[in-house]
Each structure stands twice: as structure tokens, then as C-alpha cells.
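Notes follow the structure.
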2 protein chains.
Amino acid sequence: MPDVNANISAVDACVIGIDFGTLSGRALVVRVADGAELGSAVHEYRHGVMDTDLAATGRALPPDWALQDPEDYLDVLRAAVPAAVAEAGIAPSQVIGVATDFTACTVLPVLADGTPLCRLTELAYRPHAYAKLWKHHASQPQADRITELARSRGEPWLPRYGGKISAEWQFAKALQLLEEDPDAYRLAQRWIEAADWIIWQLTGTETRNACTAGYKGIFQDGRYPSRDYLAALHPGFAGFADDKLAHPILPLGSRAGSLTARAAGWTGLPAGIAVAVGNVDAHVTPPAANALAPGQMVAIMGTSNCHVMNGSVLAEVPGMCGVVDGGIVAGSWGYEAGQTGVGDIFAWFADHAVPPEYHAQARRRGLTLHELLSEQAASQPPGATGLIALDWLNGNRSVLVDHRLSGAIVGLTLATRAPDIYRALLEATAFGTRVIIDAFEAGGLPVTELVIAGGLMRNEFLMQIYSDVTRRPLHMVASAQAPALGSAIHAAVAAGAYPDVPAAAAAMGRTAAAAYVPDPRAADVYDQLYAEYLLLHDYFGRGANDVMHRLRALRDRVIDEHSADAPPAPDTALAPEAGVRP
Amino acid sequence: MPDVNANISAVDACVIGIDFGTLSGRALVVRVADGAELGSAVHEYRHGVMDTDLAATGRALPPDWALQDPEDYLDVLRAAVPAAVAEAGIAPSQVIGVATDFTACTVLPVLADGTPLCRLTELAYRPHAYAKLWKHHASQPQADRITELARSRGEPWLPRYGGKISAEWQFAKALQLLEEDPDAYRLAQRWIEAADWIIWQLTGTETRNACTAGYKGIFQDGRYPSRDYLAALHPGFAGFADDKLAHPILPLGSRAGSLTARAAGWTGLPAGIAVAVGNVDAHVTPPAANALAPGQMVAIMGTSNCHVMNGSVLAEVPGMCGVVDGGIVAGSWGYEAGQTGVGDIFAWFADHAVPPEYHAQARRRGLTLHELLSEQAASQPPGATGLIALDWLNGNRSVLVDHRLSGAIVGLTLATRAPDIYRALLEATAFGTRVIIDAFEAGGLPVTELVIAGGLMRNEFLMQIYSDVTRRPLHMVASAQAPALGSAIHAAVAAGAYPDVPAAAAAMGRTAAAAYVPDPRAADVYDQLYAEYLLLHDYFGRGANDVMHRLRALRDRVIDEHSADAPPAPDTALAPEAGVRP
């Protein structure tokens, strides 16, 4: 029985987990005693993802940009939390703690008091003043230099990130800010993950969490990259970590502070309740599956795939996203790897490459297009499509860490049909996951159990492919909103209801064991296809033929040269008036 | 002024060209004096292409089969010829000659009197008794052995075919017949191109033409492959050429005979008029463009591309389809190369990979889907798609001569849209043509002029791409039905109206010169993309990565193993009753 606030019966105590996704935020009310999910609500971000133009000006953004307006995050607190409490039918006074998880690295420039630069009138029209969403990929040139310099100097932290620093992370995005909009860089007194910024809004004080500091902020062995290294990158960047990042790092599940009166007003929750330190959607999920032991790999499958696993030892796996001490749970080495496009790719295909008769048939039969394509693709045995695909339509995170790679399909004939290509894309993402598992095992980290979470769990055909391709049973997290449940578990720990996250996870998290088991005959065919995948993976991904890079560079150049109405470079001139927007 | 039958005014004399295509036959009435096209008519084949099941039985055919019923060809004589004469508004008595052209190698087994085996009741249910259409590709294993044995024995004719004998041609298809249906092979007293069979039906006597004998029948330097070679291929095949092929070979444009009373009854034309020897759709086209000089390459662009060119010298171009003495016009070496999928690939894409909104927009604006996709693809500069494709969805004829290759697309991103892929496929076929031109020039055959014919002439966007990619002006044949016009030119020669084909072509054929000229800036970008195409072409096509072969073999195996209702092997048992079908 958890140890809760004396004024609330242990049976009644609840916590709230808030999961900030790419397009919306979800609040979930969870009973502390057993993890029962009592009610939830979703709030869609008003500005969504700004990847074609900036809402404030309507002006076009360059390719590969992806911004958000942090005001949208506050709206989730104002809308989704009260709605979830109402749906749960509990009294707000039953809530003893709140925790959040966020997409990452989603990062923004703020003043010393946490005010986002984009809230300043004189900066609101400048793209660089906004939050850069995780999938903002325009910092690739900076990321390349960060990696190259670290490699040439033998920086000790580089192997902890699989040998490459991603364009998605804090340093690349900050260096892009400095180089493209130095005024905004100078005005940014802090550079902070949205994961930590939202906690600042809830508690009124800045905190930094071990997860994003480690995975996205290159914080290793108690320090950031050296001033010396940063100065070599760019003279103006020397003080970046000291001036804009440095702050005590708190372990996951610890209490960041108490809910302020202002935040209590937004959420309808009692002021003063516990707020946990920030966390990340993927990393908060293993507790929801009660899968925190070394070797239990949790794959969170949605628009992208994220693979997280605890290890008792420090190993350096080429191409992993990172290994961070306490990155998933305090006291273990947290490993992370990922695939940048999964559900995103399936959605792209359904939206842009499926002829009308499939849409009509799906409507007629009351199926989604994905259900119809899966059904038709499933009617043939593995190997019958004659196709192999590379799942890099959104780049490759693990193990190649290269956002400039692109997708490929080989084996097309005049007899190829939409469900064939759909299947090949599903299979390709499964092969991508197998590459990651193989890399972990080759790196000395056996994967003893594969646990699946995320929205793609619902596609049974896809799940069977993953089981067959990896030759492993799949255990499924037993919650449709695992990140929010994981956050709730952290809230319970922050509130003192459990001594630590593993204890809370044991009481509140759960999986369905071996929900899918591999079919040996299918697995044999997939072994052959996987060998083909690996050949192409290495040919296109490891430099034997850099055609994907060249095609992308050519594309960027000709669009730049030929397009009379090319989108302008982001605004960097300061606006005449100044002040905070209402 | 041509020298025509004394009873007909030279101004009034007409000829008829009949073009037998893949799905239909077209008759064209042409004025002998100047090539004016007076009227035409098309007749669709009742059985079309039998590639999924045999019409006579409804039973499924194995993969890669493509059959036709020769009765459909006779229907063209009965329907299209009278209709064309009627449309022309001429008297049948004005017609002084008839000539035909055909798809090739389309070949059938017949009795000594020309009766197709499929007309025999006891054979009508057997697929091997029918005409094998040019794109019947199920003879690939036989073709491989034919090539391999010729290579190991150093047969002198092999280099004349670019080093490979195609599965599409007479010997591979006949060897498949022998091995899979030996009874039908034995009953086939003659093995004849449809191009020659139709002339047999018009004149009542068997003839063989220099074009198909050379390109499709391995007839070189006055002889077929030796009995010794054929016996080494298969003991039962030793007499194949002597018994089923051998016959005097007539030059193109010569008179095969006179229209029989029976054929006069079918066509409504006067009995006794001249009938030219058989010819092939591609090879009959250069006269229609009056492009018979060495170096004038004519690309006939339709479902597939065929490239034909005369040369004054004998050269051996690796990967060409063939070089034949008098193969295009008597007295010159006729060179042929080809691409197995062009318009077929664009149609595949439009039918199977374009989402509903494009269909709806095309309908709304009264455009074909191809017009809409071309318009949208044309709105971006070359290189902007970021894509490169291999145009092998129907295999590769020149220069790789490998029907088991397949298509590939590289460079896909989440921002890729249907017009981008469409454009990449268009470009890929242009790169394929450039590979062929480069091979000719490297083989010592300069291509001094590029002339375009065929249905794809109408796509201006595609034409500009071909001009840019090849860096050449395009001259366009000035007839929408060039093969039928080319046949008519041969009919005029056979009728004695002109001394030879070049003289008739000069009077009756025509082009629009330099209708498209290359844009140097686009050509520069295409040079870069072509370099990428070549890299992938050689990687996938020349054995560095045989993944396309392996995927196809795996596909065939798993479909065979897993499919409970796999299509049965073609029937080979003789039916109990015998006799000729009515």
C-alpha cells in the first residue's frame, strides 16, 4: 500500500501524468494504489507543427524546419488537465502529484525568468525565437561540425552517443541559432528543453532533468562539453554551456517543486502538490510496462520508433542515440536508440501513393486505409512482394545517425500493387529495429525481452512482422497511453507514495506477455530479406554510394537557384518595437 | 511521279499499311504520290493479351506468360481494312498494294499449310499451341542456356546480339515449347513469326523476311545456328532450324506475292494486288520518318522504346538487341536496341500509385492523369525531386538484356509527392535511352540525329526531358501512325511504284526537324543525375548486388510453396478428340 498524504485515503489517492506529443498533449488521471487509469483528455496544439510557415507572419520557412509555439503547451495544462479530472469523476483534492513527459529534443530560447523569446514582441516574427521541435533537421551542418570536431579532438563523450551528435539535439540547434540569428542567441539567457520548461511553468523554478541533459545535452560524467571545445567550434559559442545550460541536474522521479498558485489556477489542481522533474515520452514508458531490468528493451512505436533499455554496465554501442547514467531510471545506465520514420512513413504512403479504388473500398467496408492495406498485404506469404525497402524517408537515427539519408524501394515490377509496397515499408521498419537489436547485442548488451508500446501496437499485422523479423515474442504494454501512465508513476514517486520508480512501476505498470510469437517459417524468409536489407543499408548508408547525400544536395541547390519565389531566409533583423506580447 | 499500275492514275494510286500492335491492329490508306494519309481504322483484338488465363479454358497461366490468338489478327483484315478504305473515301480499285508490320518476336507453331496449332481441337486447350507474344518472358531459363552455350562455344553470331540472346526471341520460345510440351513441338511443322504468318494468310504462300529472321531468328551470314550447336542445347532440338524455320529469306520491301481471292474477300481489296514481305513495327518506322541514313537513330516510344538505326559498317555493340544485314533497309546494316518498359511504366504508376486528389483534379480540369502529373512535375526544375529511379519495372533489354531485373526508386522522403515519382520515372527512361546512345557511340556508330516516333511523342514534357537528357535536338516523325505509314511505303515499293524503300521514303515519309532543343542548364543537372543513374545501373545490373534476381527468385519460390491455389502448369496431355476447330 503506497505511503500517501495523510489527509487522503491511500485508496483514493491519484496522480496525473501529462504526455506532450508532437501534435497534442494528453492528461491521464491514475490511481496511485494500482495504476488504474480513471480518466483522460487530449488537447490539440493550436499551432501544431510549423514546418511550412511561421504562424505569426505567414512567411515561409526553409526546408527541414519544424517549430512550435510554447503557448500551446500551456493550453494543455488549462484544457486537458481539468477535462481529465472531470472524466475521472474524482475530486481535485485527491490528486497528490503531477508529472510530465515531452517530445525531445524540443528546445527553446528563454529569458532568465523562463519567458520564451517568441513572446517578446520584437522577436515574435523571427523563426529562431520559437521552440525547435525534435524533428527540426535544419541544424545538420552544425551537427556535422560538432561531431567532426569531437572526433578529431577525441572528446570522451562522443562514443556515448554512438559516435555522432544528432542535428536534433541541443547543441546543434543552439549553434544554428547563434550562426543564423546572433541577436536572438544573445538575448536567450537560457536554452532549455521543453521538458524542463513546462516544469518551470508548473513550479515557478528552473530545474533540469537527468534524461534530457544526458541524451540531448551531452551532459556526461557530471559535465557538459568543455569551454575549450565549444570555443573551437565557434568563438561565440565558448560560454554556451556555462551561461545558458548549467544548472543542477536532478534524478528522474525526484520532486522538482510544488504546484504554484498560478499553475493551480490553470489546472484546477491543489496548489502545493508535488511536481516531478521533467522527462521524455520514450524514457518514461518502461515504468508503465514495468520493464526496468537490464535486457528489457522497450520499443515505443509511433510516428517514429524509440528503443530504450537499462543496462547494469556502461557499453558503447556504435550508432545508438546515447547512454546516460540514470537516463531512464536512477542507478542504471539508460540506453536509447531510434528510428526517425515509422508510422510517419506508413501515413505518407497511405496519403500519397494509394490509388482511389483502395480508398473507396476502405470506405465501403468501414475500414481505415491502413487496415485495408494490411489485410491485403497479409494475404500473401513473406517474400511474395519481391520488394525490399529502406525505411529512411525521414532519415536514419540508429545506427547510421544521418538525417540526409532517404528512402529506397527495390524490386518494383509492373505487377507491384499498393499493398505490396505498404508491406515492404512495414517490413523495412522491422528490419531497422533488428539492426538496432543486433547492434546492442554486438555491443555487449543482450536484449532478453522485447516490449512494445505506442500507437502502432494496434496494427496486428505489423506486430506479427516485428515478431517474425526479430524472431522474438512481443510483450505489449497493457496501456493505450503508456507515456502518460509512466509520467503518473513518476508523479507518484515525486509525491512520496513509493520509495522509487521501480517500486512504483511494479505496483502501477503492466504488460501482456508474449502477445505475439514468431512463426519460424516466416522468420526464415525474413532472414533472407534481412540479409538483402543489410546489403543495401551498408551500400547506401555507409558511403559506398553517397547518392542519397548528393541527390539531397542537388535538390537543395536547384530549388535555391531556380525558384524565383524561394522562401526567404528566416528573419533576423530586430523589429522596431519591443515588449512582451499579451 | 511514281510508276504505278497503268490502269490507275498515279495521282489516285493508294496503298494500305496495316500495323499489328499489342492490343489492336490499325489499317491506314496512304496516297502513293506523296504519302498523304487518307483514312484509317483500328480493330481491337477480341482476346487481347492472354497473360493471366487462357480464354479457351479459363485456366490460369503461370507468371510471365503472354499469349495471343491469331484469329484476332485475321479480324483486323476483315474489319479495319474495309473501314479504313471507307473512311478514306477511295474506291478499293485504287489500292495497288498492301504491307504489314507486326510486334516481334511474336511467334506461333503452325502446320505445314500455315494452320495454327491452337486451331486444332485437340490442342486448343494447351497454352503452348498459341502465339507467344513478344512480351512472353517465361522462356528466360532457355534463353540463359542458349546464351551460355553460345558463349562457351564461341558461336560467331552471339556478338551480333550484344552478347545475349533474349527470352523474347524465336529460339528461346521454341526451346520452351519443346521442353514443356514436346507433343505440340512435334506437331508444329513450322515455327513462324506472326509477321510472316499474316503475309501467308494474305498471299497463300509462306515467306520469311530479313528483319525477323535476323533480329529474332539468329539468321546471320546466310545461315541459322548450326545443327551441332542446337543438338548440344537439347538433342531433340537439333533439327529445329532445318525443319521448322528454313526458307528463303526475302529483302524488306520486296513482293511476297499477290492478294488471294480469300484475302480479297476479307479485305474488300482487289485480288492480285502486291503484298510486301512481313516487317516489324519498329523497323518499318524509319522510312515513315525518311530517316534511313547511317547515324539517324529512330526511337519508337510507346509502351516500350525501340531504337533502330542504319549503319554502313558492321559493329558489335554490347547489349544491343541485334545487328542484321538489311534488317531495316536492304543494303545497310540495321541496328536495334530497346527498353522493355516506358509508357507501360508511366501507365503502371498512374494506375497504381496516384492518390485520389489527383484523379479528382484531372477530372475537374478535363485533363488526363498523365497531363496533370506532367504539368505538376514540370513546375519544378530538374533535380528538385531529389529522386533517381531505375526504369526496369519490365526488365531491361538494352544494354543489360536481363528480364529479371526490376525497378528501383532512391531518394524518397516524407515530402515526396506523386508528380515527383512520376517525373523520376520519366527521367529514368530518358537515362535508359542515353545509355543506349552512349553504347552505340562507344561501339563506333555515331548517332548524328535523334528522331522520335510513337504514341509518347504527344507528351511535350517527356520530349523536353529526352532532349535535355540526351543533349540533342529531337526530330519528330510527322505522322501519328508512323508504323502504318512505314508499311504503306513498303507496299508502294512492293507494288513497283518506287524503285526501292529509300526512294519511296523520300517521297512519302517526313519529320518535323528540331521540334525540341536541349536547355543547357537543365542538361547540366541531368548530367549529374545521369552519373547517379549509371552508378545504380551498374551496381544493380551488372552483378555487384544481384538483389533483384534474388528477390524475384524468392518471390517465385514462396508463391509456389505457400499458395494452395497456385496456377497449374500448362496443360500438355493431348485431348481425346482431334480435328480443326470451326
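The values are calculated or read from the model by the stated rules, or taken from the named source; none is laboratory data. Quick caveat, the model's predicted, so the values are computed rather than measured. Note: ideal-geometry Cβ built from the backbone for every residue, glycine included; neighbour counts use all protein chains shown. Areas reflect the complete protein model, heavy atoms only, side chains present, ligands, DNA and RNA absent. Shrake-Rupley method; radii C 1.70, N 1.55, O 1.52, S 1.80 Å.
A few notes on this one:
- Any hit, the stretch A:371-378, residues being under 29 Å from the mean Cα position of the chain (by Cα) and facing chain B (nearest Cβ under 10 Å): no
- Applying the criterion of being under 18 Å from residue A:334 (Cα atoms) and small (Gly, Ala, Ser) to the residues of the stretch A:156-173, the residue that is nearest to the chain's Cα centre (by Cα) is A:166.
- Selection from the stretch B:420-452 of residues that are more than 14 Å from every other protein chain (Cβ to nearest Cβ), in a helix (DSSP H, G or I) and open to solvent by 10 Å² or more (accessible area, probe 1.4 Å): B:434, B:435, B:438, B:439, B:441, B:442
- Index of the failed condition, residue B:503 passing every other in (1) part of a loop (DSSP other than H, G, I, E, B); (2) over 19 Å from the mean Cα position of the chain (by Cα); (3) of a type in the set (A, V, I, L, M); (4) within 30 Å of residue B:276 (Cα to Cα): (1)
- Residue B:205 passes every criterion in (1) among the polar types (S, T, N, Q); (2) in contact with a Leu (Cβ under 7 Å, 6 or more places away or on another chain); (3) farther than 18 Å from residue B:490 by Cα apart from (2).
- Residue match in the stretch B:357-379 (condition: open to solvent by 10 Å² or more (accessible area, probe 1.4 Å), of a type in the set (A, V, I, L, M, F, W, C), in contact (Cβ under 8 Å) with a residue 60 or more places away in the chain and under 30 Å from residue A:354 (Cβ atoms)): yes
- Answer from A:299, A:264, A:274 - the residue that is aliphatic (A, V, I, L, M) and open to solvent by 10 Å² or more (accessible area, probe 1.4 Å): A:264
- Here the strands (runs of 3 or more DSSP E) wholly within the stretch A:1-98 that include at least 1 residues being open to solvent by 40 Å² or more (accessible area, probe 1.4 Å) are A:24-31, A:37-44.
- Residues located in the stretch B:381-409, provided they are at the interface with another protein chain (Cβ under 8 Å from one of its Cβ atoms), open to solvent by 10 Å² or more (accessible area, probe 1.4 Å) and in contact (Cβ under 8 Å) with a residue 60 or more places away in the chain: B:381, B:382, B:394
- Just one of the listed residues (A:485, A:529) is touching a residue at least 40 places away in the same chain (Cβ under 8 Å), of a type outside the set (Lys, Arg), open to solvent by less than 40 Å² (accessible area, probe 1.4 Å) and within 11 Å of chain B (Cβ to nearest Cβ), and it is A:529.
- Evaluation of residue B:513 against the conditions (1) at pLDDT 95 or above; (2) open to solvent by 10 Å² or more (accessible area, probe 1.4 Å); (3) among the hydrophobic types (A, V, I, L, M, F, W, C) shows that the sole unmet condition is (1).
- Note on the stretch B:125-155: among residues that are assigned to a loop (DSSP other than H, G, I, E, B) and open to solvent by 10 Å² or more (accessible area, probe 1.4 Å), the one that is farthest from residue B:306 (Cα to Cα) is B:125.
- The residues of the stretch A:317-330 that are on the phi > 0 side of the Ramachandran plot and modelled with pLDDT of 95 or more amount to a single one, A:326.
- Those residues of the stretch B:322-370 which are away from every other protein chain (no Cβ under 14 Å) and touching a Ser or Thr at 6+ places or on another chain (Cβ under 6 Å), in sequence order: B:337, B:338
- Pairs with Cβ under 9 Å, 6+ apart, first in the stretch A:227-248 and touching a residue at least 60 places away in the same chain (Cβ under 8 Å), second basic (Lys, Arg) and open to solvent by 50 Å² or more (accessible area, probe 1.4 Å): A:229/A:153; A:232/A:153; A:233/A:145; A:240/A:227
- Qualifying positions in the stretch A:164-181 - farther than 16 Å from residue A:235 by Cα and open to solvent by less than 20 Å² (accessible area, probe 1.4 Å): A:165, A:166, A:167, A:168, A:169, A:170, A:173
- Against the numbered list (1) open to solvent by 30 Å² or more (accessible area, probe 1.4 Å); (2) in contact with a strand residue (DSSP E or B) (Cβ under 8 Å, 6 or more places away or on another chain), residue B:347 comes up short only at (2).
- Residue A:544 aliphatic (A, V, I, L, M), open to solvent by 40 Å² or more (accessible area, probe 1.4 Å) and not in a helix (DSSP H, G or I): yes
- Residue check, residue A:412 open to solvent by less than 20 Å² (accessible area, probe 1.4 Å), away from chain B (no Cβ under 14 Å) and in contact with a Leu (Cβ under 8 Å, 6 or more places away or on another chain): no
- Matching residues, the stretch B:201-248, being among the hydrophobic types (A, V, I, L, M, F, W, C), touching a strand residue (DSSP E or B) at 6+ places or on another chain (Cβ under 8 Å) and open to solvent by less than 20 Å² (accessible area, probe 1.4 Å): B:202, B:210, B:211, B:213, B:240, B:245
- Residues in the stretch B:547-561 that are open to solvent by less than 60 Å² (accessible area, probe 1.4 Å) and facing another protein chain (nearest Cβ under 9 Å) were compared, and the one that is farthest from residue A:544 (Cα to Cα) is B:558.
- Condition check for residue B:564: in a loop (DSSP other than H, G, I, E, B), within 12 Å of chain A (Cβ to nearest Cβ) and at pLDDT 95 or above: no
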